[in-house]
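Enquirer: This is the structure, below, for whatever I ask next.
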Ligand SMILES: [Mg+2]
């Protein structure tokens, strides 16, 4: 029996923990802001190259920033880029083109070309491994050494998740993951059910820790025993009303092995 403790007080016995990645384990905000800027710049270049009016470039840039959740002081932790999949972000960009009087086929093609151009540039650059958020490595080590089963549930690709875990020497600690390429992807509660099944655990004996309200609603709907919101990963703290417990610092959590 292993109890999870919050500031030293037991909050529940667990056998598994499901972690979100971006904004929960991974300090993703600086990288995501750079990604948003690269995608927006690429979109505007393609817009102009297609002979469309340059006069609308300033409002186009502003609307794309809003669509991705880029704010003056950082990234909206509940915005499209922070929470949703690449596919959903591409659809958001295409929708902004439609608002600028573009047909859907042309808008979708331009968004696809824009994303692909940025992807190609990223594959040619040295791979970026986002830093771990402070204190997460220590908790993962504690959980792993006491035999708690760990998994990542993320809207990143399988390759992106593996690269992150490998980059931090965490592959051995995590039994498995659930990526955007799995079906159904999160935030479908069935994603949690199937991931718990892969871990051979009942959701009731698992904690899910995430920084997005959609993660926590999914966890609650799938019967996860401990639904924990993490708010320490962003400049603007996420609003997480579905959390049974909120933590702002990984060092607030620890474990106690029962006797
Ligand atoms: Mg997240």
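The values are calculated or read from the model by the stated rules, or taken from the named source; none is laboratory data. Every value quoted in this text rests on a predicted model; they were computed, and no experiment measured them. Here the Cβ positions follow ideal geometry from the backbone for every residue, glycine too, while neighbour counts run over all protein chains shown.
Enquirer: What strands (runs of 3 or more DSSP E) completely inside the range 145-259 contain at least 3 residues that are under 27 Å from residue 86 (Cα atoms) and in the same structural domain as residue 135 (by TED's automatic domain parsing)?
Expert: Because the criterion is at least 3 residues that are under 27 Å from residue 86 (Cα atoms) and in the same structural domain as residue 135 (by TED's automatic domain parsing), the strands (runs of 3 or more DSSP E) in the range 145-259 that meet it are 149-153, 176-178, 206-210, 226-230.
Enquirer: In addition: I need the full set of residues from the range 191-212 which are within 16 Å of the ligand (Cβ to nearest atom) and farther than 13 Å from residue 244 by Cβ, in order please.
Expert: Scanning the range 191-212 gives 191, 192, 195, 211, 212.
Enquirer: Still on this structure, please answer the following. Could you go through the range 144-151 and let me know if any residue there is under 29 Å from residue 239 (Cβ atoms) and more than 17 Å from the chain's Cα centre (by Cα).
Expert: yes
Enquirer: Residues of the range 9-43 being buried (at least 19 other Cβ atoms within 10 Å of the Cβ), more than 16 Å from the ligand (Cβ to nearest atom) and outside the structural domain of residue 227 (by TED's automatic domain parsing), which ones?
Expert: 39, 40, 42, 43
Enquirer: Across the range 122-163, what is the number of residues that are out of contact with any strand residue (DSSP E or B) (no Cβ under 8 Å at 6 or more places or on another chain), more than 16 Å from the ligand (Cβ to nearest atom) and either within 14 Å of residue 25 (Cα to Cα) or at pLDDT 95 or above (or both)?
Expert: 8
Enquirer: Continuing with the same structure: Scanning the range 230-259 for residues that are within 16 Å of the ligand (Cβ to nearest atom) and touching a helix residue (DSSP H, G or I) at 6+ places or on another chain (Cβ under 6 Å), which turns out nearest to residue 73 (Cα to Cα)?
Expert: In this case the residue turns out to be 234.
Enquirer: Could you grab the pairs with beta carbons closer than 7 Å, sequence gap of 6+ or different chains, first residue in the range 19-30 and under 10 Å from residue 130 (Cα atoms) and free of Cβ contacts under 8 Å to residues at least 60 places away in the same chain, second one part of a helix (DSSP H, G or I) and within 8 Å of the ligand (Cβ to nearest atom)?
Expert: Correct list of pairs: empty, since none qualify.
Enquirer: Considering only residues of the range 84-114 that are within 16 Å of the ligand (Cβ to nearest atom) and out of contact with any helix residue (DSSP H, G or I) (no Cβ under 6 Å at 6 or more places or on another chain), which is farthest from residue 156 (Cα to Cα)?
Expert: Looking at the filtered set, the residue picked out is 88.
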